[in-house]
Each structure stands twice: as C-alpha cells, then as structure tokens.
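As structure tokens, the structure follows; a few thoughts come after it.
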Amino acid sequence: MNSRVKISDELKLAIKRKRGELNITWLLLAKKTDVNRYTLRKIANGKQSYMNTSTAEKLNDWLYKQI
C-alpha cells in the first residue's frame, strides 16, 4: 500500500522554479522524474493537495540532483 503525503507550497515552488530555470516542458520533466505529466501539472498548479510517497521521493530526488 502506498501512503500519501501533503504537498507543500515549498515543493510546488521548487518544481516550478527549477522547471523554469532549465526551460523544460512538462513532458520532459515527466520523463526525467518518471512522474506522469498531468500529475506534475496538478501538483505545481495547486490542483492536487496530496501525492503518493513514491511520487514525493521521485520529485525530491530530481530536485536534489539539480543542486
């Protein structure tokens, strides 16, 4: 069973900021993170309040690698 975690405003901002800095599409970000592009857009645009822990781990890993 996959547990769910609340999406923080900081994570939303970090995803949008890093995507903008790299000038990449949602599709390319989805390929790099292995997270569905529609899920990414919902997270970044605040249309989704919770995500699976596996999604959170993938996004955090991607953000960490960008440092």
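Against the conditions (1) of a type in the set (D, E, K, R); (2) surrounded by 12 or more Cβ atoms within 10 Å (Cβ to Cβ); (3) farther than 20 Å from ASN2 by Cβ, GLU21 satisfies every one except (2).
Residues checked against (1) in a strand (DSSP E or B); (2) aliphatic (A, V, I, L, M); (3) farther than 13 Å from ASN52 by Cβ:
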site: VAL5; (1), (2), (3): yes, yes, no
site: LEU11; (1), (2), (3): no, yes, yes
site: ALA14; (1), (2), (3): no, yes, yes
site: GLY20; (1), (2), (3): no, no, yes
site: ILE24; (1), (2), (3): no, yes, yes
site: LYS32; (1), (2), (3): no, no, yes
site: VAL35; (1), (2), (3): no, yes, no
site: TYR38; (1), (2), (3): no, no, yes
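Listed by first and then second residue, the pairs linking a residue in the range 43-67 that is under 17 Å from ARG19 (Cα atoms) and in contact (Cβ under 8 Å) with a residue 40 or more places away in the chain to a residue that is surrounded by 11 or more Cβ atoms within 10 Å (Cβ to Cβ) and small (Gly, Ala, Ser), with Cβ atoms under 6 Å apart and 6 or more places separating them unless they lie on different chains, are LEU63/ALA14. Candidates in the range 40-59 are the residues that are among the small types (Gly, Ala, Ser) and part of a helix (DSSP H, G or I); of these, the one that is surrounded by the fewest Cβ atoms within 10 Å (Cβ to Cβ) is SER54.
Determine if the range 10-18 includes at least one residue that is among the basic types (Lys, Arg), in contact with a strand residue (DSSP E or B) (Cβ under 7 Å, 6 or more places away or on another chain), in contact (Cβ under 8 Å) with a residue 12 or more places away in the chain and surrounded by fewer than 16 Cβ atoms within 10 Å (Cβ to Cβ). Scanning the range 10-18, I find no residue that is among the basic types (Lys, Arg), in contact with a strand residue (DSSP E or B) (Cβ under 7 Å, 6 or more places away or on another chain), in contact (Cβ under 8 Å) with a residue 12 or more places away in the chain and surrounded by fewer than 16 Cβ atoms within 10 Å (Cβ to Cβ), so the answer is no.
FYI, it's all coordinate maths here, none of it is from the lab. Bear in mind that the values here come from a model prediction, so they are computed numbers and not experimental data. Cβ coordinates were reconstructed from backbone atoms using ideal geometry, including for glycine residues, and neighbour counts include every protein chain displayed.
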